Amino acid sequence: MSAEALQRVVVRMLFDARLVDQVYADPVAALPEVDLTDAERAWLRAPDVRRWRADPLRRTRALEALLHEYPVATALVIREAGGVPALDAFFSDPTFHRCIQARGVLALSFGRWLCSGFTADVAAAARIEWAIAEVRRAPPRPAPSALTPAATLHTAPWIVGCSVSVRGHARYLACQAALGSGGSAAVLDTERALPAGAPAPGQIPVLVEQTETGATVEHAPDALVALVRWCQPARPLTDALTWLSGHGLDAAEAQELLQGLVADGVLLARTSPES
């Protein structure tokens, strides 16, 4: 296996004492997804097992960084869904291990993990904050490109469309205001009360967009969010026009809408060199 892949196993073991114990007991069973040689397995088990635990605050520091990216979702977990230990469990979860082994983005994997296994309010807040984490990592915006007949359309990386519960969206905004700019200290301060959620049926579509200072979260029309999500894999312009015709727009209206979305940087238009 490559030295880089082996290094990722080392990182996983530094974060997860349970994995260390499993590797020392049976490295083949502990790491079935990693193609290790016998010599590499021996390298992992060569140090005194206590050396893997030499930094007991490693997970704490990593979790603190994640609290900054997911303040509302983690504050709700801490107060209502298992406390800090429930969040710390991420570093022993398969989601964490897959992320490290595949060299993924830890903050995005954490958001995906928060969206399942907790309350509906946590999932709603996590979905919004996950989208914010995505757009924050988007590249700088280029100048808008021309919409030609041969173009393919793709949702810009600095735009994420998602749908969350009406109750979850309202509670996210209220909790965000209650936490203010207190950072991780506010998230961890269980004496700071968070607003309770009020019953509210249904889903609400939102667009999360990168800004110079972070991101905006705005309610958007269902059809626009649906289009943004539909264009997540690149779509030929002809397919996009057909899709919009199925949503009540004639050809001229659909063309005008797409031109506006490309000009606004919501959609990217690309034309292959062969066209």
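Condition (residue is of a type in the set (Ser, Thr, Tyr), under 30 Å from residue 83 (Cα atoms) and under 16 Å from the mean Cα position of the chain (by Cα)) applied to segment 112-134: is it met by at least one residue? Walk me through how you get there before you give the answer.
We begin by selecting, within segment 112-134, every residue of a type in the set (Ser, Thr, Tyr); these are 116, 119.
Then drop every residue that is not under 30 Å from residue 83 (Cα atoms), which leaves 116, 119.
Now narrow it down to the ones that are under 16 Å from the mean Cα position of the chain (by Cα): 116.
Checked segment 112-134: at least one residue is of a type in the set (Ser, Thr, Tyr), under 30 Å from residue 83 (Cα atoms) and under 16 Å from the mean Cα position of the chain (by Cα).
Within segment 191-228, can you find the residues that are among the charged types (D, E, K, R) and part of a loop (DSSP other than H, G, I, E, B)? Can you show your working first?
Of all residues in segment 191-228, those among the charged types (D, E, K, R) come to 191-192, 209, 212, 218, 222.
Matches in segment 191-228: 191, 192, 212.
Residues of segment 59-99 being among the β-branched types (Val, Ile, Thr) and farther than 24 Å from residue 34 by Cα, which ones?
60, 72, 74, 77, 78, 84, listed by residue number.
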For residues that are of a type outside the set (Gly, Ala, Ser), under 16 Å from residue 10 (Cα atoms) and part of a helix (DSSP H, G or I), tally how many sit in segment 78-105.
8
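How many of the residues making up segment 78-94 are closer than 21 Å to residue 7 by Cα and buried (at least 18 other Cβ atoms within 10 Å of the Cβ)? Talk me through it step by step, then tell me what you get.
In the first step, residues of segment 78-94 are kept if they are closer than 21 Å to residue 7 by Cα; the result is 90-94.
Still in the list and also buried (at least 18 other Cβ atoms within 10 Å of the Cβ): 90-91.
Adding up the residues that qualify gives 2.
Hey, any hits in segment 171-190 for a residue that's under 21 Å from residue 232 (Cβ atoms) and of a type outside the set (Asp, Glu)?
First pass over segment 171-190, keeping only residues under 21 Å from residue 232 (Cβ atoms): none.
No, that holds for no residue.
Read the figures in this text as sums done on the coordinates, not as results from a lab. It should be emphasised that the depicted structure is a prediction, and the values quoted were computed from it without experimental measurement. Neighbour counts run over all protein chains shown; Cβ positions are idealised from the backbone, glycine included.
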